[in-house]
1. Which residue out of B:ILE45, B:ILE73, B:ILE79 is surrounded by 20 or more Cβ atoms within 10 Å (Cβ to Cβ), within 12 Å of chain A (Cβ to nearest Cβ) and part of a strand (DSSP E or B)?
2. Just for segment A:184-221: of the residues that are aliphatic (A, V, I, L, M) and open to solvent by 10 Å² or more (accessible area, probe 1.4 Å), which one is farthest from the other protein chains (Cβ to nearest Cβ)?
3. State whether one or more residues within segment B:55-66 are exposed (fewer than 14 other Cβ atoms within 10 Å of the Cβ) and within 9 Å of chain A (Cβ to nearest Cβ).
4. Can you pull out the residues in segment A:223-272 that are in contact with a Lys or Arg (Cβ under 9 Å, 6 or more places away or on another chain) and aliphatic (A, V, I, L, M)?
5. Which ranges mark the helices (runs of 4 or more DSSP H) fully within segment B:191-310 that have 3 or more residues being at pLDDT below 80 and either surrounded by 15 or more Cβ atoms within 10 Å (Cβ to Cβ) or in contact with a Ser or Thr (Cβ under 7 Å, 6 or more places away or on another chain) (or both)?
6. May I ask you to verify whether A:CYS303 is assigned by TED's automatic domain parsing to the domain that holds A:TYR21, touching a residue at least 60 places away in the same chain (Cβ under 8 Å) and either in contact with a strand residue (DSSP E or B) (Cβ under 9 Å, 6 or more places away or on another chain) or over 30 Å from A:SER219 (Cα atoms) (or both)?
Amino acid sequence: MPVFKLCMKIFLKNWLSISLYVAIFLAIAIMISMSTMSEQNKSSSFSQEKAKVALISEEKTPLTEGFRQELAKSSDFVKLPDRTEALQDALFFRNVTYILRIPKGFTEDVLNGGSMQMEKTVVPNSTENAYVDINVEQYWNMARIYAKHEPKASEQQVVKQLKKNLSGSTPVTIKAHERAQTANSFSMYYFNFLAYTLSAVLIMGISTVMIVFNKRDLSRRNFCSPMRARSINTQLILANLLFAAISWAILVAFCFLLDSKSFATQNILFFIMNSAIFTACISSLSYLIGNLLKNLNAMSAVCNVLTLGPCFISGVFVPQEFLNSTVLKIASFTPTYWYVQANAKIATLTHFEWSDLEAIFYSMVIVLGFAIAFFALSLVIGKRKRLIN
Amino acid sequence: MIIHVKNLVKRFGELVALDHLSLDIKEGEIFGLLGPNGSGKSTAINCILSLLSYDKGEVEIFGKKMTPDAYDIKRDIGIVMQNVAVFEELTVYENIDYFCGLYVRNKAERKRLVEEALAFVELEDFRKFYPKKLSGGLLRRLNIACGIAHKPKLIILDEPTVAVDPQSRNKILEGIERLNAQGATIVYTSHYMEEVEQLCTRIVIMDKGRVIASGTKEELKAMITLGEKITVETFSIDEEQLIKLRELPGIVSVEHVDKRLIIKSGKGTNNLETVLDFLKTHEIGFGRIYSELPTLNDVFLEITGKQLRD
């Protein structure tokens, strides 16, 4: 298979320029992964916020001590001197967001069913303070109830009961309703960006080989030989397909390395399938470009136009929701648009019924249609060129 | 007959590139296709090799009809293109190996053939060089090696010495003679009449897609009315003396250009002695004097009225 081997040598000769695209892509992908990962952590995990509280108690009773211990669970205590100026400064500079003062005789008033209030000074609109309010209310209301219903109980006993009752906690797990794991995930962004990298890598690799082979004198020399034209073409196609498959596999493997969690989902199978079809389509397009272009100098310009153009208007870099309807209408004449659309649907997939998958397969079939059209066109042009030459 | 071409017609729109071209090339000869640029030499070669479709005519190679699918015929043909057709991405060795590999599958045999081709074009020291690093002459030699490595019976060389320095040109011409001596039939196209004259056993002169003359170089020269051409370096000769010189028997024309007297004789006459006597009698001072037989350019000039390199 001399033609096949030669193609492989030409691919290897161009590995540097091709790998440059891959490196740039991976750098962008890693940056995106970092930002999306941190966003995901914010929305999918729960940790209780703690308010910075200055507790000033003018009396020391078992109940106020119990209260201090209970409040410590949801607050960080900050020690402040009991001077108005110091307290105001602490609030202003946000050293504390809540100042709570237990006035003298407060415990006795509570135990006697009185309505004495604690003094509080807070930073306005601070969400953490809500927790402190709840804890304060909860503790002292419960103390009032115990005092009312068990008048013989000592303060220590009341504290013990309160501690027992308030020790219960509820674990919180945030689970958004019907939200797929891959929605807005790294994988979704990665597979969208893959449209750009795959286009650049494949056009660069396949078109280069085709342009070299289609040089008039070289192609004449090949077709003067006893090697059948069909065999030469088959070897060329095989070599290009192998290159496309290897490029695709490497890029998908990187996704696995960077976001292996997503590979546990069923969605990833559809991402992979969609990208494989897109790879076939871009391979055909590259084959066509290789048959149309005459010199390598024009190729890098064509490569940039054909990779960046469709990516910009099809929603690879900017989500399709933000794009103008006219732009999207124009984009729908490119396979990239349908690829991105399928990716967006795959990312939010939670059920895998035919009704959910239908739209995805529809997009894939369109991309496949583009692939067949490009390939047929390149065969016709290739044959016509050979006859004219 | 190795190649038989009959009434080949090729049109490019309005332009008739080949106008009922007929050729017969015999086994073992070095056949020259001579003509100015644009005379249809390369088009003829491309049609013969089925690289170009043609409008009319017949082409037979090795006694079989030549078609784009005649792979058994192609096996015994070697082609050296007018332009250097090698892969920039491959070294000298890899290029020869690749083109040889299109004909020879056996790896060991191919290796031997590639080594022989390298030695033949004297590129052994450049085997690891990429084409970019080679000079024009070396590139041409690589181009030839790629076309002949598989030891074809018929070698077609389409202007292989264009833009080549004299040293490389001589090497190429010597190589072609050696290939012919080894048994290959050579078809050589060129617009350099000196090369064709030196190399070819039989010549066809083409112009405007037609054969205007064919035969051995002696036969071609015999076609024209001119004989020898005498050139005399002289400084002064007056108009009256020129008229008298023209009137001498056997003289066809006399011109005095750039202090050189060019005297053309009729076919079969020998006027050197007569001219020398005339110069002495009329006391015309002269420097060098030399006599040439007619060239293919004279043949072309007489038939078409224009120079080969027009």
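1. Selected residue: B:ILE79, the only one of B:ILE45, B:ILE73, B:ILE79 that is surrounded by 20 or more Cβ atoms within 10 Å (Cβ to Cβ), within 12 Å of chain A (Cβ to nearest Cβ) and part of a strand (DSSP E or B).
2. Filtering first and then ranking leaves A:MET188.
3. no
4. Correct list: A:MET227, A:ALA229, A:ALA239.
5. B:217-222, B:296-304
6. So A:CYS303 does not fit the description; no.
Yes/no matrix, rows are residues, columns are (1) more than 24 Å from B:ARG75 (Cβ to Cβ); (2) in a helix (DSSP H, G or I); (3) polar (S, T, N, Q):
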site: A:MET204; (1), (2), (3): yes, yes, no
site: A:THR208; (1), (2), (3): yes, yes, yes
site: A:PHE213; (1), (2), (3): no, yes, no
site: A:LEU236; (1), (2), (3): no, yes, no
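A quick yes/no check of all residues on (1) open to solvent by 80 Å² or more (accessible area, probe 1.4 Å); (2) of a type in the set (Phe, Trp, Tyr); (3) outside any loop (DSSP other than H, G, I, E, B):
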residue	(1), (2), (3)
B:ASP97	no, no, yes
B:VAL104	no, no, no
B:ARG110	no, no, yes
B:LEU113	no, no, yes
B:LEU118	no, no, yes
B:GLU122	yes, no, no
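The values are calculated or read from the model by the stated rules, or taken from the named source; none is laboratory data. Everything numeric here is computed off the predicted structure, so don't read it as measured data. Because the Cβ atoms are built from the backbone with ideal geometry, glycine has one as well, and the counts that use them run over all protein chains shown. When the accessible area is computed, the model is the full protein with side chains, heavy atoms only, and any ligands, DNA or RNA have been set aside. Shrake-Rupley method; radii C 1.70, N 1.55, O 1.52, S 1.80 Å.
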